1. Just one of (1) hydrophobic (A, V, I, L, M, F, W, C); (2) under 30 Å from Thr16 (Cα atoms); (3) at pLDDT below 75 trips up Ile95, so point out which.
2. If I go through the range 98-118 residue by residue, how many of them are in contact (Cβ under 8 Å) with a residue 40 or more places away in the chain, more than 20 Å from Ala43 (Cα to Cα) and among the aliphatic types (A, V, I, L, M)?
3. Evaluate the range 198-208: report whether one residue or more is aliphatic (A, V, I, L, M), at pLDDT 85 or above, in contact with a strand residue (DSSP E or B) (Cβ under 7 Å, 6 or more places away or on another chain) and surrounded by 14 or more Cβ atoms within 10 Å (Cβ to Cβ).
4. Among the residues of the range 26-46, how many are outside any strand (DSSP E or B), under 24 Å from Asp110 (Cβ atoms) and of a type in the set (Asp, Glu)?
5. Check whether at least one residue in the range 18-25 is under 22 Å from Asp110 (Cβ atoms), under 28 Å from the mean Cα position of the chain (by Cα) and touching a residue at least 40 places away in the same chain (Cβ under 8 Å), and report yes or no.
6. Can you tell me how many residues within the range 137-175 are closer than 26 Å to Cys202 by Cβ and modelled with pLDDT under 75?
7. Of the residues Ile80, Ile9, Ile95, Ile41, which is closer than 30 Å to Glu128 by Cβ, in contact (Cβ under 8 Å) with a residue 40 or more places away in the chain and either under 27 Å from the mean Cα position of the chain (by Cα) or surrounded by 20 or more Cβ atoms within 10 Å (Cβ to Cβ) (or both)?
8. Looking for whichever is assigned by TED's automatic domain parsing to the domain that holds Gly239, modelled with pLDDT of 85 or more and either under 22 Å from the mean Cα position of the chain (by Cα) or aliphatic (A, V, I, L, M) (or both) here; the options are Ile186, Ile120. Which one fits?
Amino acid sequence: MGLKPRILIADDEPLTLELVVERLQAEGYEVEVVSCGEEAIEAARNSSFKLVLTDLSMPGMGGMEVLAHFVKHHTEIPVIVLTGFGTIETAVEAIKLGAYDYLSKPANLDEIVLTLKRAIEHKDLKEENVALRSQILDQHRPDRVIGQSSAIHHLYRIIKRVAKTDSTVLITGESGTGKELVANAIHYQSPRRDMPFVPINCGAIPEELLESELFGHEKGAFTGAFKERRGRFELANKGTVFLDEIGEM
């Protein structure tokens, strides 16, 4: 069985704490409770948490200061603000400052649990996205082009240099020598890495369909054009188009 997700609650109202802690523990969470902002910050230094639920009004450091601290120093931890003295302006201020959400007292336990689950799912999704992006970038590093010869090392340097530009690049070589691998490496090393990489095998597109395939067409533009079609260049907007076998066009 995996470790229980750990939740940090900062609140100085015993009744609220008792109800919320009991419900969260029943939902399978491990809960640590502190009664002021200073203790919340100290707890975060010594332990890791999936989420922080903080009251706005506490003795000493208030919830807004706690929120500001976590936004600055623990950006990976979502913060939900809970208060009985809030206004719409306060809620907007908390969200602008970086709170995941804002809930009012008296505590609606179902709403707290639902919001908490959504925040944790959002956090986990962001972390998975970062890990996936790192994995993709790793897969397309220039040194994934196999080889240790001086020519290959020269190619690594060219890839890194070219990736920083928006220039059109001509990659030459025999079939099967890794031209698309080089194109991938250039794309994923470039500022366009978050945009599409669209490979096009020019030799596989019939001549009469080439223009439509590359540039798209409107509905009814020619016989058989039953609907609008976006071309490959449009699909690769702000990304990279790799025209493979361009000599076959």
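The values are calculated or read from the model by the stated rules, or taken from the named source; none is laboratory data. Quantities reported herein were computed from a predicted structural model and do not represent experimental measurements. For neighbour counting, all protein chains shown are included, and Cβ atoms are generated from backbone atoms with ideal geometry for every residue, glycine included.
1. Only one criterion is unmet by Ile95, namely (3).
2. Residues flagged as in contact (Cβ under 8 Å) with a residue 40 or more places away in the chain, more than 20 Å from Ala43 (Cα to Cα) and among the aliphatic types (A, V, I, L, M) within the range 98-118 amount to 4.
3. yes
4. Final tally of qualifying residues: 1.
5. yes
6. Looking only at that region, the number is 6.
7. Details: Ile80 fails: in contact (Cβ under 8 Å) with a residue 40 or more places away in the chain; Ile95 fails: in contact (Cβ under 8 Å) with a residue 40 or more places away in the chain; Ile41 fails: in contact (Cβ under 8 Å) with a residue 40 or more places away in the chain.
Answer to the selection: Ile9.
8. Being assigned by TED's automatic domain parsing to the domain that holds Gly239, modelled with pLDDT of 85 or more and either under 22 Å from the mean Cα position of the chain (by Cα) or aliphatic (A, V, I, L, M) (or both) holds for just one of Ile186, Ile120, which is Ile186.
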